Amino acid sequence: MISLDSRLSTAASLCRRGVTICDVGTDHALLACYLAQHGAKSVIASDVREGPLNAARRTIAQYGVKNVTAALSDGLDKIDFADDVVICGMGGELIMKIISGCRFLSENTRFILQPMTKADTLRRELYRSGFEIMEERTARDGTRLYTVMLVRYTGVVSEPDELFCLCGKITDPEMLRHISGKLRKNAAGMEQSGTPSQQAQELRRLADTIDGQAQRLSSTEV
């Protein structure tokens, strides 16, 4: 059986059993094969380059999974259908570009998204494009923290506020403190560079609010 790191296993935990799943940017197809071993009806392991796909084919053969297919596709361009779409390890802007091009989008489609950068931008553009974040989970690999989002399409367009863009539906106090720490660091950098102080003050205000959320969540865990 395949063992995944925390980041990929968290993504796998949000996928449904008994459905067709597309793993976009599959690389070595470890996640795709894991999902096939754990209840997926079928899995499409897609990548934009032949090199990773050849590695994916070797992994598929190594583990002897029969319900995983390797597919050459730029994002979802060549994918005809999937119930769940998993996109891990890409920047938030690229993830949004990929799911915006989904040709089989419906309210039953689920997206499991793990942005490496610009999670705030991804949250904002999701809601501007009629998507909704259903849940967020935190993954830990060593000292690094990642957020993994479960997303669906609703067709309802909205404009999220800055606090939601920064934190989404995160309920992990450690992750919230990590976000507030980055805001404080950015505020300090602004002041050193001569940026108007009101912008730094706004970042610190947001950081204080996020720290308050983290404190309340920590209190409920005790």
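All told, I170 falls short of being crowded, with 18+ Cβ neighbours inside 10 Å, touching a Gly at 6+ places or on another chain (Cβ under 6 Å) and among the hydrophobic types (A, V, I, L, M, F, W, C).
Filtering region 186-203 to residues that are open to solvent by 80 Å² or more (accessible area, probe 1.4 Å) and over 21 Å from F164 (Cβ atoms) leaves E191, Q192, S193, Q198.
Is it the case that S6 is touching a strand residue (DSSP E or B) at 6+ places or on another chain (Cβ under 9 Å), at pLDDT 95 or above, closer than 28 Å to K118 by Cα and open to solvent by less than 30 Å² (accessible area, probe 1.4 Å)? Considered against the rule, which asks whether it is touching a strand residue (DSSP E or B) at 6+ places or on another chain (Cβ under 9 Å), at pLDDT 95 or above, closer than 28 Å to K118 by Cα and open to solvent by less than 30 Å² (accessible area, probe 1.4 Å), S6 comes out as no.
From the residues in region 136-155 that are assigned to a strand (DSSP E or B) and loosely packed, with under 14 Cβ neighbours inside 10 Å, which one is modelled with the lowest pLDDT? Please lay out each step first, then the result.
First, pick out the residues of region 136-155 that are assigned to a strand (DSSP E or B): 136-141, 144-153.
Still in the list and also loosely packed, with under 14 Cβ neighbours inside 10 Å: 141, 144.
Values: D141: 91, R144: 95.
Step by step, filter region 136-155, then rank; the result is D141.
Scan region 156-179 for residues that are assigned to a loop (DSSP other than H, G, I, E, B), of a type outside the set (D, E, K, R) and under 12 Å from E136 (Cα atoms) and report the count.
Kept after step one, since they are assigned to a loop (DSSP other than H, G, I, E, B), are these residues of region 156-179: 156-161, 168-172.
With of a type outside the set (D, E, K, R) added as a condition, the list becomes 156-158, 160, 168, 170-171.
Next, from what is left, pick out any that are under 12 Å from E136 (Cα atoms): 168, 170-171.
Number of matching residues: 3.
Summed over region 32-59, the residues that are open to solvent by 10 Å² or more (accessible area, probe 1.4 Å), in contact with an Asp or Glu (Cβ under 6 Å, 6 or more places away or on another chain) and modelled with pLDDT of 95 or more give a count of 1.
Can you work out which of the residues in region 90-113 that are part of a strand (DSSP E or B) and in contact with a Pro (Cβ under 9 Å, 6 or more places away or on another chain) is surrounded by the fewest Cβ atoms within 10 Å (Cβ to Cβ)? Ranking the candidates gives G91 first. Selection of region 80-89 for residues being closer than 19 Å to Y146 by Cα and crowded, with 19+ Cβ neighbours inside 10 Å yields V85, V86, I87, C88.
The values are calculated or read from the model by the stated rules, or taken from the named source; none is laboratory data. Nothing here was measured: the structure is a model prediction, and the numbers come from that model. Neighbour counts are summed over all protein chains in view; Cβ atoms, including those assigned to glycine, are modelled from backbone coordinates with ideal geometry. When the accessible area is computed, the model is the full protein with side chains, heavy atoms only, and any ligands, DNA or RNA have been set aside. Shrake-Rupley method; radii C 1.70, N 1.55, O 1.52, S 1.80 Å.
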